[in-house]
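The values are calculated or read from the model by the stated rules, or taken from the named source; none is laboratory data. Treat the numbers as computed from the prediction; the structure is a model and nothing was measured. Cβ coordinates were reconstructed from backbone atoms using ideal geometry, including for glycine residues, and neighbour counts include every protein chain displayed. Only protein heavy atoms, including side chains, enter the accessible area calculation; ligands, DNA and RNA are left aside. Shrake-Rupley method; radii C 1.70, N 1.55, O 1.52, S 1.80 Å.
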Amino acid sequence: MDFTLLLQQLLNGLSIGSVYAIFALGYTLIFSILGIINFAHGALFTLGAYFTYALMGERFGFNGLLANVALPVQLPFSIALILGSVLVGLVGVAIERIAFRPLRRRRADPLLTVVSSLGVALVIVNAIQYLVGSESYNFPVNTYGNLPVAINFGTADKPITIRTVQIVIFAVSVAIMGILTYCINYTKFGKAMKAVAEDPITANLLGIPTDFFIVITFFISSFLGGVAGTLVGSSVSIADPYFGIRYGLKGLAVIVLGGLGSIPGAVLGGLVIGLVEAFVPADYSAYKDAFAFGILFIMLLVRPQGLLGRRFVQKV
Amino acid sequence: MAEFLANYGFLIVSMVLGALLGLSLYLPLMTGQLSLASPGFYALGGYIAAILSTQVFKVSGGLFPIGLVLLEMLIAGVVSGILGVVVGIPALRLRGIYLAIATIAFVEILRILSLNLDITGGAVGIFGIPQPFQTPLEYLWIALPLLIVSMVILYRLERIRVGRAFTAIREDELAAGAMGIDPTYYKVLAFTLGAILAGVVGALSAHFLNTWNARQGTFDASIVYLTSVLIGGTRTFVGPVLGGMVFTALPEVLRAIADTAGLPLWLAQFLRDGRLIIFGLLIVLGTIFFPQGLVTPDLLKRQRHK
């Protein structure tokens, strides 16, 4: 593999990897507070893409209940992205209220909560399919305004191309990771969140409103899922209502690789999986996903706590 | 009656197969392990039968011999069992959520392989799988005995030492270990039994459905089977059997309800197309209100004493 190709694949890998990373951050936030994987996260990712698409005033196709319905307003992409993701955040809050809190109150087996979140995923994905059909949607050409479609550099016979959307994805992801890391480690808010993660009952006794922080965590996690979904949707297309679930399964590989509940682990895991996928030889590209899951499987066997995770001690 | 059986033969056999799949998911749950691997073994068993019957045992004209179907089921069971042990020994060292994720990864790897290999027919899959029977209903000759045998075995299993070891591990793995029960051994055993059953059912289903492709063992399918088991009940084998039957029949029932006159149009349409939304809602409500499922051992005991 010559140097230009190497560099090109490296850049592609970083871009994909950063999407996996913000996706995985959403899983990790909830896991670190509740010790539970929210399997509905992949569905929230899908929902983000559809919300933004709708807020931009785009029309849906013929196959659903909302055939040919469009909003009267046409918001620019950046505002639609933020508003759409806030809506996803609110959906996340509702999910916490309906599917997680009743089980938490009863101190139910964590596996039941996992199953409940699987049910939520099924509802969201199929509700989307019911409302807007299962065809794919492309974001409008002018989504990114006047920005050029791609930037070329390198020599004429060995060009390196970076699509603008790849840069946007990478920049947004790095910004989100930075802000989140700062907030969790250096603000009073973040410290309270950590306290809730460590021991919810003691935190509550010390005057931290546990429920409030859990709701906020769900909001932030779902918001990030919405952003990731929109960015991926605008980069290729919104494939179908299931596309987030497929990314969601990949996101599981990412967080297990990085270490459940570890924020730097989620970022590292995302980049590793992204780069591994970029460097899978073209002949085997159909097996790209199998590589990611193969890595996951091996990682679970060799080091279940992941690259940067803590070992969980079973409490007796 | 004859007309009813002819019309609903396909559904009746599907219900029996659904009950069997429910049991295959229930076996690892007996030890408290949430494994989503059953659909993977189901898909594998189906591919084994599909490949053997279309490429190895070529039968020209007439019906496909039943003996060969049984042989395929046996092979599918053995292969699934071996793979179950191979995957189970390392994977079952993992607990709870890690096991669920590992089994999801296993199913996805199988799905990607079957989508891309030549022998599995790629995305199109394998079609024209030969039929051993004239009508779908006759599949009951194989499916029903299989269900009865499985139920008898599970009935016995819940009452002998092995089954009680399963339950002990489900209730408290550490305590069970301290009592001299080897948790890994029994967890792998339960997992492998589930894998064998799923593989055998897959082999039969491939003939029954006539075609087999990568859509047969997906994440979605895992969740639907999981629903049937959880809503049916996770504490006695009767739950998964009933759950599997009810949930296989549910789409048909919803369609029948939708066809009743006088329903508002939107409701009728929702009942017809919103099947998986209803499944999802049932999962959420079921876990909150019936954490042990609808059929619990207490319920059965109370009935008996009346």
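Mind checking which helices (runs of 4 or more DSSP H) fall wholly inside the stretch A:241-316 and carry at least 3 residues that are open to solvent by 10 Å² or more (accessible area, probe 1.4 Å) and farther than 18 Å from B:ILE104 by Cα? Talk me through it step by step, then tell me what you get.
Numbers: elements: A:243-258, A:263-278, A:288-302.
The helices (runs of 4 or more DSSP H) meeting that bar are A:263-278.
Residues in the stretch A:163-193 that are surrounded by fewer than 11 Cβ atoms within 10 Å (Cβ to Cβ) and not small (Gly, Ala, Ser): A:ILE179, A:TYR186, A:LYS188.
If you check B:PRO251 against the conditions, is it open to solvent by less than 30 Å² (accessible area, probe 1.4 Å), touching a residue at least 12 places away in the same chain (Cβ under 8 Å) and not hydroxyl-bearing (Ser, Thr, Tyr)?
yes
A residue that is open to solvent by less than 10 Å² (accessible area, probe 1.4 Å) and farther than 18 Å from B:ILE119 by Cβ cannot be found anywhere in the stretch B:50-58.
Within the stretch A:112-162, the set of residues being open to solvent by 40 Å² or more (accessible area, probe 1.4 Å) and on the phi > 0 side of the Ramachandran plot comprises A:GLY145, A:GLY154. The residue pairs whose first member lies in the stretch B:134-146 and is touching a residue at least 60 places away in the same chain (Cβ under 8 Å), whose second member is open to solvent by 60 Å² or more (accessible area, probe 1.4 Å) and among the aromatic types (Phe, Trp, Tyr), and whose beta carbons are closer than 8 Å, counting only pairs six or more residues apart or on different chains, are B:PRO136/B:PHE10; B:LEU137/B:PHE10.
Kindly evaluate B:LEU276 against the criterion of being within 13 Å of chain A (Cβ to nearest Cβ) and under 13 Å from A:ASN126 (Cβ atoms). Considered against the rule, which asks whether it is within 13 Å of chain A (Cβ to nearest Cβ) and under 13 Å from A:ASN126 (Cβ atoms), B:LEU276 comes out as yes.
Determine whether B:LEU242 is over 23 Å from B:PHE270 (Cα atoms), open to solvent by 40 Å² or more (accessible area, probe 1.4 Å) and either aliphatic (A, V, I, L, M) or within 10 Å of chain A (Cβ to nearest Cβ) (or both). Answer is yes for this residue.
Residues that are among the polar types (S, T, N, Q) and farther than 29 Å from B:VAL16 by Cβ do not occur anywhere in the stretch B:133-156.
The set of residues from the stretch B:90-107 being more than 18 Å from the chain's Cα centre (by Cα) and within 16 Å of B:LEU27 (Cβ to Cβ) comprises B:ALA91, B:LEU92, B:LEU99.
Specify which of the listed residues (B:LEU265, B:LEU230, B:LEU226, B:LEU189) is surrounded by fewer than 23 Cβ atoms within 10 Å (Cβ to Cβ) and in contact with a helix residue (DSSP H, G or I) (Cβ under 9 Å, 6 or more places away or on another chain). Let's see the steps before the verdict.
Details: B:LEU265 fails: in contact with a helix residue (DSSP H, G or I) (Cβ under 9 Å, 6 or more places away or on another chain); B:LEU230 fails: surrounded by fewer than 23 Cβ atoms within 10 Å (Cβ to Cβ); B:LEU226 fails: surrounded by fewer than 23 Cβ atoms within 10 Å (Cβ to Cβ).
Going through B:LEU265, B:LEU230, B:LEU226, B:LEU189 in turn, just one is surrounded by fewer than 23 Cβ atoms within 10 Å (Cβ to Cβ) and in contact with a helix residue (DSSP H, G or I) (Cβ under 9 Å, 6 or more places away or on another chain): B:LEU189.
One residue alone among B:GLY202, B:GLY217 is at pLDDT below 90 and buried (at least 24 other Cβ atoms within 10 Å of the Cβ), and that residue is B:GLY217.
B:VAL87 meets each of the listed conditions (1) over 30 Å from A:THR113 (Cα atoms); (2) modelled with pLDDT of 85 or more; (3) of a type outside the set (Gly, Ala, Ser) apart from (1).
Among the residues of the stretch B:117-150, what is the count of those that are of a type in the set (S, T, N, Q), over 20 Å from B:VAL241 (Cα atoms) and buried (at least 17 other Cβ atoms within 10 Å of the Cβ)?
Looking only at that region, the number is 2.
Rundown of residues vs (1) surrounded by fewer than 24 Cβ atoms within 10 Å (Cβ to Cβ); (2) within 14 Å of chain A (Cβ to nearest Cβ); (3) closer than 16 Å to B:TRP212 by Cα, yes/no style:
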position	(1), (2), (3)
B:GLY77	yes, no, no
B:GLY84	no, no, no
B:ARG95	yes, yes, no
B:GLU108	no, yes, no
B:SER114	no, yes, yes
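For the stretch A:49-103, residues that are open to solvent by 50 Å² or more (accessible area, probe 1.4 Å) and within 14 Å of chain B (Cβ to nearest Cβ) total 5.
Tell me the residue from A:SER173, A:SER134 that is closer than 20 Å to A:SER235 by Cα, in contact (Cβ under 8 Å) with a residue 40 or more places away in the chain, within 14 Å of another protein chain (Cβ to nearest Cβ) and out of contact with any strand residue (DSSP E or B) (no Cβ under 9 Å at 6 or more places or on another chain), please. One residue alone meets the criteria, A:SER134.
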